[in-house]
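Any read-out appearing in this document is the output of simple, stated calculations on the displayed coordinates, not a laboratory observation. Quantities reported herein were computed from a predicted structural model and do not represent experimental measurements. Neighbour counts are summed over all protein chains in view; Cβ atoms, including those assigned to glycine, are modelled from backbone coordinates with ideal geometry.
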Amino acid sequence: LSSKLPWVGTTIFTVMSKLATDTGALNLSQGFPGFDCSPELVALVDQYMKTGFNQYAPMTGVPALREALARKTEQLYGVSYHPETEVTVTSGATEALFAAITAVIRPGDEAIVFEPAYDSYVPAIELNGGVPVYVTLKPPTYGVDWEEVRSKITDKTRLIVVNTPQNPIGRVWTAEDLAQLAALVHHRDIWIVSDEVYEHIRFDGRPHHSLATHPVLQERTFVCGSFGKTFHVTGWKIGYCLAPKELSVEFRKIHQYLTFSTITPVQYALADYLKNPEHYETLPAFYERKRDLFLDCLRGSRFQFQPTEGSFFQTVSYQAITDEPDYDLAIRLTKEIGVASIPVSVFYRQKNDYNILRFCFAKDDDVLREAGERLCRL
Ligand code: PMP
Ligand code: GLN
């Protein structure tokens, strides 16, 4: 069989997590919480499973969950999405991203991607015959050069993929970024897929500027979210897409043939759990403390870093320690000191020598302390 994705191997997350398991290393590589979710949420799922909520959910998601999502979005961002026609529950943000990209991209269309980019965007673009056009964000600030973005827009550009807070670099888009983007796409046939799975994980009082909050952007954006990050349940693979009606119509045509619908009892449980805003409002403080703890542990090391703005990832530069390629170093550190990380070069298509590793700090405090101690020995 000739490969449709010849340049793709097994994802780095699978590679590094497996190596961490095989070697018994502390796993700060793949992004998932090292602690359990709330027992209250588990009890709700249990209750729905035991009371007969075990058959197919409606294709678009159970009404109670769509309504809860619409209410939360209205309260947080002051934007109304109609729960019946503009909110769709998906099997993880990954499915939402794939369906949204598929809804937009036809063979030959160009899609602008800011790299370092989360790894699922480009394969989705290419499987639809699209051509990724890269705008490279460079350390240490990873700011967007809007002139560069402007210069890369052609009459074939149909899509721009945004990710805020951005995995792996933790950058949070500003109101100015939204204004710049809006000026570029206004009156053009360009759609936006905005990956906002870390919307509730941002630090130092920074607000999350959802693309839904900007009218010019909102009307052309598929906002993709995930409960995995927000409620510490990455293994449940449940997410959603918010998009204006005409966009949601096309999105749902694809969603219904990708997965059709998503696990029923979990949807009912999440609908109940979302009613208490404390369940997501406490997240910034919860993760900011973990970020600060991890950084305090790293202060005695030779790594260089800027505190991450959002997401549960911290990137660090290791230029003062070694000039090994980051992939080799990530493997070596897993084997030799028992700390697994992700080499950031894998999120760039172009080869580079930025020498950056990504650590996930969604871990128990003692794991973060132990990892910090080991990393300080380098
Ligand atoms: N987007 C980003 C930026 C992510 O980091 C992740 C994964 N953790 C996803 C999407 C996928 O989310 P899900 O697990 O809900 O499919
Ligand atoms: N989003 C997670 C990360 O960045 C991994 C998800 C996955 O393993 N596909 O680490």
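For the range 239-378, what does the alpha-carbon gyration tensor say about shape, rounded, prolate or oblate, given a ≥ b ≥ c as the root eigenvalues, a/c under 1.5 as rounded, and a/b over b/c as prolate? The shape class here is prolate.
With the alpha-carbon atoms as the only input, what is the per residue convex hull volume for the range 206-315 in Å³? Spell out each step's value before the answer.
Numbers: hull volume 16.6 nm³, N = 110.
Considering the Cα atoms of the range 206-315, their hull volume per residue is 151 Å³.
Note on Cys360, Cys37, Cys241, Cys376: ascending count of other Cβ atoms within 10 Å places them as Cys376, Cys37, Cys360, Cys241, the fewest first. Using a cutoff of 8 angstrom between alpha carbon atoms and counting only pairs six or more residues apart, the relative contact order for the range 41-276 works out to 31 percent.
Using C-alpha pairs under 8 Å with a sequence gap of at least 6, the mean separation divided by the residue count of the range 1-104 gives a relative contact order of 15 percent. Post the alpha-carbon centroid distance, the range 76-144 to the range 237-264, in whole angstrom. With the range 76-144 and the range 237-264 each reduced to a Cα centre, they are spaced 14 Å. Multiply the residue separation of Arg332 and Lys253 by 0.36 nm, subtract the distance between their alpha-carbon atoms, and state the gained length in nm to one decimal. Working it through step by step, the gained length comes to 23.9 nm.
Explain nothing, just the number: relative contact order of the range 72-188, from Cα pairs under 8 Å at least 6 residues apart, as a whole percent. Working shown, then result.
On the way: 122 pairs, mean separation 27.6, N = 117.
Across the range 72-188, relative contact order equals 24 percent.
Sorted ascending by nearby beta carbons within 10 Å, beginning with the fewest, Met16, Met49 become Met49, Met16.
Compute the Cα gyration tensor for the range 49-184, then decide on rounded, prolate or oblate, letting a ≥ b ≥ c be the square roots of its eigenvalues: rounded whenever a/c is under 1.5, prolate when a/b is larger than b/c in the other cases, and oblate in all that remain.
Numbers: a/c = 2.13, a/b = 1.64, b/c = 1.29.
Prolate, because a/c is 1.5 or more and a/b exceeds b/c.
Pairs exceeding 18 Å between alpha-carbon atoms, taken from Lys18/Lys229; Lys229/Lys363; Lys138/Lys229; Lys335/Lys363; Lys72/Lys363; Lys229/Lys253: Lys18/Lys229; Lys138/Lys229; Lys335/Lys363; Lys72/Lys363; Lys229/Lys253. For the range 152-160, 3J(HN,Hα) computed residue by residue from phi via the Karplus equation (6.51, -1.76, 1.60; θ = phi - 60°) reads 9, 7, 10, 6, 9, 5, 10, 9, 10 Hz, glycine and proline entered as x.
Annotation note: trypsin sites (Lys or Arg not before Pro) in the range 304-357 located in DSSP loop regions with a Cβ neighbour count of at most 16 within 10 Å are Arg349, Lys351. Among 106-116, 336-346, sorting by the average number of other beta carbon atoms lying within 10 angstrom of each residue, highest first, gives 336-346, 106-116. Cross-link partners of Lys245 among aspartates and glutamates, defined as those whose alpha carbon lies under 13 angstrom from its own and excluding same-chain residues fewer than eight positions apart: Glu84, Glu86, Glu219. For the chain, what does the alpha-carbon gyration tensor say about shape, rounded, prolate or oblate, given a ≥ b ≥ c as the root eigenvalues, a/c under 1.5 as rounded, and a/b over b/c as prolate? In terms of gyration-tensor shape, oblate. Computed over the chain, the per-residue total of -39500 (n - 2.57) for DSSP H runs of n ≥ 4 gives a 222 nm mean residue ellipticity of -12000 deg cm²/dmol, rounded to 500. Computed from phi, the 3J(HN,Hα) profile of the range 32-42 under the Karplus parametrisation 6.51, -1.76, 1.60 (θ = phi - 60°) reads 7, x, x, 9, 8, 7, 5, x, 4, 5, 4 Hz, with x in place of Gly and Pro. Site pair Tyr354 and Ser151 shows an inter-label distance of 1.9 nm when each label is modelled 7 Å from Cα along Cα→Cβ. Note on the chain: GNM, Cα springs under 10 Å; of Leu69, Leu159, Leu127, the largest mean-square fluctuation is that of Leu127.
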